[in-house]
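Worksheet: one structure, shown below.
The values are calculated or read from the model by the stated rules, or taken from the named source; none is laboratory data. On a predicted model such as this, the values are computed, not experimentally measured, just so you know. Methodologically, a virtual Cβ is constructed for each residue, glycine included, from the backbone with ideal geometry; neighbour enumeration extends over all protein chains shown.
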Amino acid sequence: MGEIKTRILQVDPEKPEEKVIDMAAAIIKKGGLVAFPTETVYGLGADGLNEEAVFKIFSVKGRSEKNPLILHVSSWEQASSFFLSFPSEVLMLVDRFWPGPLTIVGYKNHMVPDVVSGGTPKVGVRMPAHQVALSLIKKCGKPLAAPSANLSGRPSPTTAEHVKKDLEGKIEAILDAGPTGIGIESTVLDITERPFKVLRPGAVTLEQLADTLGEEVYSASGQDRREDAVHYRPRVRIVDIPWGGDIGTKIMEDIEAGRRVGCVLINDRELPQGLAVKVLITQGTSEYGVRLYEIMHKADELGLDILYMELPEEKGLGRTLADRIRKAAGK
Ligand code: TXA
Ligand code: MG
């Protein structure tokens, strides 16, 4: 595929200009690709019912065709029209978390092309809590198949700049509505068996799901497929630090060896002189979530050799962040 001109379309995150949404929807309807903001990360959207358009997503990202895509919808009615069936408890989840960062994986019906579901009998569906995403889906009158708008294996994009870095020249347009609000991807929940199973931890926590359902959910994130395990990796080498763990000596050795070292801390501590960057997270896990991918992208831009990242306590959103940091560290 030759290079194409990628249009960057500025759009108001709260009151998206109709003209801009019309332009983006026209591209999607013609089978093109448009990156758009959601409340979690930027997505790379295609008409989810157009097989040829969906195929382009895989080739542009360099993604395995076995890795299924999420269908983004603008209502529960639309979502439920793609499921064969669903247990009634799902309605409690939809009530509490939609629109929002929860992807529901259920058995698909014939409406959903196999290319979307990666050849599996299941489809993941979510209704994003972002006016630009919702307006675009409504204007298209179709669900949008959309993975995160990064090259496969790279950290997810939380700004239009990040998308541009990976996909400029390969897609028709990027809707730029500024940085995303949450910064970390949706929770992917399989509802086809009891207990429900979290396939990927995300912005909605296990505790919130259990609290809403009145029963525990099962966490299967340790058993990720291989493709998923190579996700989220920046160029810089990431090393995870246990919560409150000591790293002074290691950093000293790195600096003496002439490496450019960065450090992301939740618990502040004295560190050796000569650190290239130090980021202190003071506002808890939600701040860490908002900044996580931004920091990884920045570390690459700065050409750091190594980035130490302190793991949060593994509860709530901290569990999700620890999952992403470990994956970035190649674990
Ligand atoms: O927040 C998000 O979820 C973002 C925004 C753009 O919505 N999307 C996103 O998509 O992160 P992606 O493709 O980068 O990650 C989706 C994850 C993948 O690990 C995929 O394997 C899993 O969800 N997934 C999607 N559909 C599935 C299905 N039918 N069965 C099992 N896993 C599924
Ligand atoms: Mg992704």
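For this structure, a couple of remarks:
- Among the residues examined, H162 does not qualify as buried (at least 23 other Cβ atoms within 10 Å of the Cβ), within 26 Å of V11 (Cβ to Cβ), of a type outside the set (D, E) and within 11 Å of ligand 1 (Cβ to nearest atom).
- Of all residue pairs spaced 6 or more apart or on separate chains, those with beta-carbon atoms under 9 Å, a first member in the stretch 304-331 that is under 14 Å from Y293 (Cβ atoms) and a second member that is at pLDDT below 95 and of a type in the set (S, T, N, Q) are T320/S221; D323/S221.
- Scanning the stretch 132-159 for residues that are basic (K, R) and within 11 Å of ligand 1 (Cβ to nearest atom) yields a count of 1.
- Residue among V73, V34 that is buried (at least 21 other Cβ atoms within 10 Å of the Cβ), closer than 22 Å to T120 by Cβ and at pLDDT 95 or above: V73
- Among the residues of the stretch 182-197, the ones that are surrounded by fewer than 18 Cβ atoms within 10 Å (Cβ to Cβ) and either among the hydroxyl-bearing types (S, T, Y) or in contact with a helix residue (DSSP H, G or I) (Cβ under 9 Å, 6 or more places away or on another chain) (or both) come to 2 in all.
- Among the residues making up the stretch 89-110, a single one is among the aromatic types (F, W, Y) and assigned to a helix (DSSP H, G or I): F97.
- Check on R126, under 19 Å from K61 (Cα atoms) and either of a type outside the set (A, V, I, L, M, F, W, C) or in contact with a Pro (Cβ under 9 Å, 6 or more places away or on another chain) (or both): no
- Neighbours by Cβ (under 7 Å, 6+ apart or cross-chain): first from the stretch 271-285, under 15 Å from G244 (Cβ atoms); second among the hydrophobic types (A, V, I, L, M, F, W, C) and assigned to a loop (DSSP other than H, G, I, E, B): I281/I266
- Filter pass, H162 being modelled with pLDDT of 95 or more, closer than 22 Å to I21 by Cβ and in contact with a helix residue (DSSP H, G or I) (Cβ under 8 Å, 6 or more places away or on another chain): yes
Results for (1) touching a residue at least 60 places away in the same chain (Cβ under 8 Å); (2) surrounded by fewer than 20 Cβ atoms within 10 Å (Cβ to Cβ); (3) part of a loop (DSSP other than H, G, I, E, B), shown as yes or no for each residue.
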site: P13; (1), (2), (3): yes, yes, yes
site: M23; (1), (2), (3): yes, yes, no
site: L44; (1), (2), (3): yes, no, no
site: F55; (1), (2), (3): yes, yes, no
site: N67; (1), (2), (3): yes, yes, yes
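- Of the helices (runs of 4 or more DSSP H) lying entirely inside the stretch 120-214, those containing at least 1 residues that are of a type in the set (A, V, I, L, M), closer than 22 Å to P234 by Cβ and within 15 Å of ligand 2 (Cβ to nearest atom) are 160-167.
- Residue match in the stretch 83-92 (condition: within 13 Å of ligand 1 (Cβ to nearest atom), under 20 Å from the mean Cα position of the chain (by Cα) and not aromatic (F, W, Y)): no
- Among the residues here, V105 qualifies as modelled with pLDDT of 95 or more, in contact with a Lys or Arg (Cβ under 6 Å, 6 or more places away or on another chain), among the hydrophobic types (A, V, I, L, M, F, W, C) and surrounded by 23 or more Cβ atoms within 10 Å (Cβ to Cβ).
- The helices (runs of 4 or more DSSP H) found entirely in the stretch 225-331 that carry 1 or more residues being modelled with pLDDT of 95 or more are 248-256, 285-301, 317-328.
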